[in-house]
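Okay, so here's the structure we're looking at.
The values are calculated or read from the model by the stated rules, or taken from the named source; none is laboratory data. Since this is a predicted model, take the numbers as computed values, not measurements. No Cβ is skipped: glycine too gets one built from the backbone with ideal geometry, and neighbour counts run over all protein chains shown. The area values use the complete protein model at the heavy-atom level, side chains included, leaving out ligands, DNA and RNA. Shrake-Rupley method; radii C 1.70, N 1.55, O 1.52, S 1.80 Å.
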Amino acid sequence: MTTPESVVRALAEPTRLRAFAAVVLGAGTLADVAAASGLKVKDAGTALIKLREAGLVEGEPARPADLKPLAATLTEAMPADGLAPFIRGEKLVSLPVAHERRRKILEHVASHAFTPQTYYEEKEINERLQAWCDGGEVDHVTIRRYLVDFGLLERGGGLYQAQPLPM
């Protein structure tokens with residue numbers, strides 16, 4: 001899934017940025033991209049692979065991907081609840097570094113993924129968290145560990161229990 005974060009991450013590397021610029025300016029073949037960007041063929045090929053994985057380049061010969069759907073999401077108003085840019089819809093994009101903000105984000109995920117005082121097997125916990133982590137930069141195992149560390153999930157006897165959120 002192409003997100004603003006994945007675009008920035010892909011283009012933050014100078015080689016990929018040069019290769020992407022070459023594609024946008026009309027270079028389509030690997031040789032054309034290498035020549036237009038001043039990169040070695042091997043480096044241009046690696047950059048094109050990464051750009052395709054990021055959803056920025058498609059097809060053969062290479063051409064820029066349609067980013068209009070992504071651009072449309074950027075014009076939507078960001079909610080003032082402090083969850084953006086960490087949560088988009090029902091997806092966890094990333095986690096903040098600050099402890100209190102991280103807790104707020106994890107409380108949001110827990111309140112939407114689990115019912116308090118309900119027991120879950122690890123497989124179900126993983127499935128629910130994977131749905132939240134799909135396309136983001138944080139994996140479900142890390143989120144599960146943080147939920148336990150913050151006391152939002154309690155682990156014991158092979159089961160997890162969702163805890164009520166503090167008022």
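Based on DSSP H segments of at least four residues, each scored -39500 (n - 2.57), the chain has a per-residue ellipticity at 222 nm of -15000 deg cm²/dmol. Among (1) 20.4, 62; (2) 15.3, 47; (3) 19.0, 59, which is the computed Rg and Dmax of the Cα atoms in Å? Of the listed options (1) 20.4, 62; (2) 15.3, 47; (3) 19.0, 59, (1) comes from this structure.
A straight chain from Gln130 to Asp66 at 0.36 nm per residue would run longer than the Cα-Cα distance by 20.3 nm. Working ranking of peptides 96-106, 52-62 by packing, defined as the average number of other Cβ atoms within 10 Å per residue, highest first, is 52-62, 96-106.
With a threshold of 25 Å on the Cα-Cα distance, the over-threshold entries among Lys68/Lys104; Lys68/Lys91; Lys42/Lys91 are Lys68/Lys104; Lys42/Lys91.
Counting protein heavy atoms only, region 102-167 has 47 percent of its accessible area on carbon and sulfur, 1.4 angstrom probe. Rolling a 1.4 Å probe over the heavy atoms of the protein chains gives the chain an accessible area of 58 Å² per residue. Each peptide in 22-28, 3-9 gets a packing score, the mean of other Cβ atoms within 10 Å over its residues, and the list from highest to lowest is 22-28, 3-9. For Lys40, the lysines whose Cα comes closer than 29 Å to its Cα, not counting residues fewer than 8 places off in the same chain, are Lys50.
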